[in-house]
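Asker: Would you mind keeping the following structure in view while I ask a few things?
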Ligand SMILES: Cc1cc2nc3c(=O)[nH]c(=O)nc-3n(C[C@H](O)[C@H](O)[C@H](O)COP(=O)(O)OP(=O)(O)OC[C@H]3O[C@@H](n4cnc5c(N)ncnc54)[C@H](O)[C@@H]3O)c2cc1C
């Protein structure tokens, strides 16, 4: 069979496609990346960058730039009936759980620019003005028909196709995969403005009304705010709508103290909640908005697409390089579909509560919601729970075929499928304390061994893909392991994406080898 023109055709250079391209580029692949638009999107769209995304950005080498460009969300101010009803502190709520224990406010355009710049370091360029128009799956490859910038078409043979092509995904439609769900009845508006008012600078401001809400997100630059809200019903259905049409309703509710100086971007949109019936059809995969769309509650959309890409990339790279069989790719849908479905359910419930027109919901929004949220978030356990859920650091793949626990895991100790916790450890006896996320790179598997002797590197059957870390006995190490409930003796085999694949008490080299050959099916080299 002739070699395909490319290992992976990535359709769509939004955040999801750019993340996938970067992750494949770092692993030595040269995917073909196309996008039907003429260049990167200019609008900020998504604004919240979650901790788990920043952890991945750190490994990609762009976290520092993201932090320098963005603003940390230090608090959320809840306003009801013209008064500040509560302030929820958000700064560092995930302290000890992540090197990035906060939500970063950074527009999607900036995120795309950072990933786009990094992509050039792997020698990969996006082919703009290039659209996927047809696709046929053949044995061993996919033939994709692309419309080129000059209007002509050409065929490309790709070993795999990654549909990162957004809510109206051509890859999904050409694969005949349904996208069940529905639109919400409300129409939303989003505006990037320069405004002055009661908003607490540099913090989130949530204005809760009997009939709805307005969110003010701080953006880069003085007095710059992203305003999001529900379009008043009398304005729905108009094609010529401008921000000026919406201003009276915002000011009517926020009071005369609010003044808008300018508006750089205004858009209205209907939100849908939908999930693809499958995330894969043989050699074609769906990621990001192509696979799932939901309300923006919780700033999860862009981040979930980035995590989809991170999950698929290491598997696709191993398969493309012949180190693992295609069966490894089955675990992409198996692991990411439940995440998407859970997200759809939770954002749907939260969203219905904040947009409901009912009298009771109005009362709840203006009289109760802010107080409950502020009261609950004063409790450390609630803070940590909320951080784990919203930051996506709590996502686990416990039910995946790649997750195996040899012994029952006690209480809150990390289990197979969990993201292995962030630790500060002395990796060498008498050596410096190091950040585990720096030591455990994401291009290898890592075997972490505590309270027992590490095995010989070649015994695990992972060849050059494995790094072994025996944690020396040391009071600082013991305290750190105890903090995350890791007992001794124990061992954890981490996948390249930092999730635990196999874990247990007493190290059993035969069990590791069995896991590698039977579950990962990796070819030792
Ligand atoms: C107005 C608005 C506000 C939003 N606000 C938020 C928010 O506050 N928080 C949040 O988390 N999310 C928000 N979102 C959602 C967020 O923008 C998406 O989740 C995110 O863009 C998904 O990224 P993606 O890469 O999967 O898809 P997209 O960003 O949609 O990128 C898909 C890319 O594929 C390309 N493409 C499509 N079809 C083809 C084809 N046939 N051939 C070649 N290329 C193709 C498109 O040109 C596009 O560049 C908002 C969305 C909108 C529209």
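Every read-out reported here was derived from the displayed coordinates using simple, explicitly stated rules and does not represent laboratory data. All figures in this text were calculated on a predicted structure; none of them were measured in a lab. Cβ sites come from the backbone with ideal geometry, for glycine too, and all protein chains shown count toward neighbours.
Asker: If I model a spin label at residue 321 and residue 341 as a point 7 Å from the Cα along the Cα→Cβ vector, what separation in nanometres do I get?
Answerer: Here the modelled spin labels are 3.3 nm apart.
Asker: Between the helical axis of 330-355 and the dominant principal axis of the chain, each derived from Cα atoms, what acute angle in degrees is found, rounded to the nearest 10?
Answerer: 20
Asker: Taking a virtual spin label 7 Å from the Cα of residue 429 along the C-beta vector, which residues in the range 440-475 bring their backbone nitrogen under 11 Å of it?
Answerer: 472-474
Asker: Follow-up question, since we're still on this one. How much length is gained on full extension from residue 202 to residue 182, taking 0.36 nm per residue of separation minus their Cα-Cα distance?
Answerer: 3.7 nm
Asker: Can you put 390, 484 in order of Cβ neighbours within 10 angstrom, beginning with the fewest?
Answerer: 484, 390
Asker: Another one. Pulled fully out, how much extra length does the chain show between residue 482 and residue 153, if you take 0.36 nm times their separation in residues and subtract their Cα-Cα distance?
Answerer: 112.4 nm
Asker: Then there is this: On a full-extension model of 0.36 nm per residue, what is the gain between residue 65 and residue 330, subtracting their alpha-carbon distance, rounded to one decimal in nm?
Answerer: Value of the extension gain: 92.0 nm.
Asker: For the chain, what proportion of DSSP beta bridges, expressed in % and rounded to the nearest 5, is antiparallel?
Answerer: Within the chain, antiparallel bridges account for around 75 percent of the total.
Asker: Give me 110, 442, 330, 165 sorted ascending by neighbouring Cβ count inside 10 Å, so fewest comes first.
Answerer: Placing the least packed residue first, the sequence is 330, 110, 442, 165.
Asker: Per the Debye formula with a single identical scatterer at each Cα and no solvent contribution, what log10 I(q)/I(0) holds for the chain at q = 0.07 Å⁻¹?
Answerer: -0.42
Asker: At 222 nm, what helix-only mean residue ellipticity would the chain give, in deg cm²/dmol to the nearest 500, using -39500 (n - 2.57) for each DSSP H run of four or more?
Answerer: -8500 deg cm²/dmol
Asker: How would you rank 213-222, 11-20, 486-495, 302-311, highest first, on the average number of other Cβ atoms within 10 Å across their residues?
Answerer: Going by the mean number of other Cβ atoms within 10 Å, highest first, we get 11-20, 302-311, 486-495, 213-222.
Asker: How far, in degrees from 0 to 90, does helix 15-26 lean away from the longest principal axis of the Cα atoms of the chain, to the nearest 10?
Answerer: 20
Asker: Of 269, 397, how do they rank once you tally other Cβ atoms within 10 Å and put the fewest first?
Answerer: The fewest-first ordering by Cβ neighbours comes to 269, 397.
Asker: Same structure, new question: On C-alpha positions alone, give me the angle between the axis of helix 51-60 and the longest principal axis of the chain, in degrees, nearest 10.
Answerer: The angle comes out at about 50 degrees.
Asker: Could you sort 238-246, 59-67 so that the peptide with the highest average Cβ count within 10 Å comes first and the rest follow in order?
Answerer: 59-67, 238-246
Asker: In nm, to one decimal, how far is the modelled label at residue 456 from the one at residue 245, with both set 7 Å along Cα→Cβ?
Answerer: 7.5
Asker: Per q in 0.16, 0.17 Å⁻¹, report the Debye log10 I(q)/I(0) for the range 402-513, using one uniform scatterer on each alpha carbon and no solvent.
Answerer: -0.66, -0.75
Asker: Once label points are set 7 Å from the Cα along Cα→Cβ at both residue 264 and residue 444, what is their separation, rounded to one decimal in nm?
Answerer: If labels sit at residue 264 and residue 444, their model points lie 4.3 nm apart.
Asker: So, R0 is 35 Å and r is the distance between the beta-carbons of residue 138 and residue 277; what FRET efficiency does that work out to, to 0.05?
Answerer: 0.90
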